[in-house]
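The values are calculated or read from the model by the stated rules, or taken from the named source; none is laboratory data. These figures come from a predicted structure and were not determined experimentally. Every residue, glycine as well, gets a Cβ built from its backbone with ideal geometry; the counts of neighbours run over all protein chains shown.
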Amino acid sequence: MPPVLAANAVEKRYGRVNALSGVDLEVEEGQLVGLLGPNGAGKSTLVKIACGLVRPSGGSVEICGAAAGSPGARRTLGYLAELFRFPSWMSADELLTLHQRLAGSPGGPAERAELLELVGLAHARKTRIAAMSKGMQQRLGIAQALVGSPRLLLLDEPTSALDPAGRRVVRGLLEELRRRGTSVLLNSHLLSEIELVCDHVVIVDHGRVVAAGTPDALRRQGGVEIETASGTRRFEDARRSDVPRLVRELVGAGEQIYGVRILASSLEDVYLEVVD
């Protein structure tokens, strides 16, 4: 079974500027992948190529085995742009009805009710968009991206303008989508969000992938700290597997042990190391 999203050696040039220079990226079925990088790294360009809004200068992107931008690819994905704008006079229900027509979804009122319930807006079905908070509009945007039950959801900075409570709501929603088997490519510059919810992380800088892997794999172990009665002892080169031996040796030497801590670099540490 092909990946839900497969980007192979993708390039994009704007005149003399290389926005993307040979990017490879895959999103598997039910996987939540975080796309990290500084402003201007090429993240949004890659997302727009995957949507079919921008054509690559080289390489290819396929969505569920169909070329990005083709009717087959468009039918299998949902998209929420970073700077989206919905008609302010529409209600939440009216907006979803419009997008059902655009997507050719036969879901009707049942689908709209389910999506509004999923994003926590069941109470706002008749609320005009103009009267909604930024957080409510953001969640409504995710609901419209889910019209038609797409296999892949592309989210471009979905939490950048939200307060901590709003980000927590969106994180919970992303975890629910993963539970349902929906694949997500999440473009964000918020490392804490990526670290909390993503199965896989891709870091892009100057149009190239500079690091990729699971959050745990990217975080490197940095030694072991053991708290004893005589103070905290740090073993710089030790790893998790060394802990039982170290504790035995310290106890054998008459030390009392109060705690053990495995030290590791954070995703932020890795990001700052690989990004210029």
Cβ-Cβ below 8 Å, separation at least six or inter-chain, first residue in region 131-149 and under 15 Å from E94 (Cα atoms), second among the charged types (D, E, K, R) and surrounded by fewer than 20 Cβ atoms within 10 Å (Cβ to Cβ): which pairs? V147/E111
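Quick grid of which residues meet (1) free of Cβ contacts under 8 Å to residues at least 24 places away in the same chain; (2) aromatic (F, W, Y); (3) assigned to a loop (DSSP other than H, G, I, E, B):
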| site | (1), (2), (3) |
| --- | --- |
| V10 | no, no, no |
| A19 | no, no, no |
| G22 | no, no, no |
| E26 | yes, no, no |
| A41 | no, no, yes |
| S44 | no, no, no |
| V47 | no, no, no |
Test set (1) loosely packed, with under 14 Cβ neighbours inside 10 Å; (2) within 32 Å of the chain's Cα centre (by Cα); (3) part of a helix (DSSP H, G or I) - D276 fails condition number: (3)
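Residues to consider are P158, P150; find the one that is over 15 Å from the mean Cα position of the chain (by Cα) and within 19 Å of D199 (Cβ to Cβ).
Details: P158 fails: over 15 Å from the mean Cα position of the chain (by Cα).
Every option except P150 fails the conditions.
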If we keep just the residues of region 55-108 that are aromatic (F, W, Y) and either closer than 30 Å to R208 by Cβ or not assigned by TED's automatic domain parsing to the domain that holds M136 (or both), which is nearest to the chain's Cα centre (by Cα)? Y79
Need a quick list: helices (runs of 4 or more DSSP H) entirely within region 153-254 having at least 3 residues that are in the same structural domain as Q138 (by TED's automatic domain parsing) and basic (K, R). 164-180
For R180: the one exception among (1) closer than 30 Å to T97 by Cα; (2) touching a Phe, Trp or Tyr at 6+ places or on another chain (Cβ under 8 Å): (2)
Can you run down the residue pairs with Cβ atoms below 6 Å, 6 or more apart or on separate chains, where the first is in region 244-256 and surrounded by 10 or more Cβ atoms within 10 Å (Cβ to Cβ) and the partner is of a type outside the set (F, W, Y)? V247/I257; E255/T228; Q256/A229
Could you grab me the full set of residues in region 56-81 that are touching a residue at least 60 places away in the same chain (Cβ under 8 Å) and either touching a Leu at 6+ places or on another chain (Cβ under 8 Å) or surrounded by 15 or more Cβ atoms within 10 Å (Cβ to Cβ) (or both)? E62, I63, C64, R75, T76, L77, G78, Y79, L80, A81
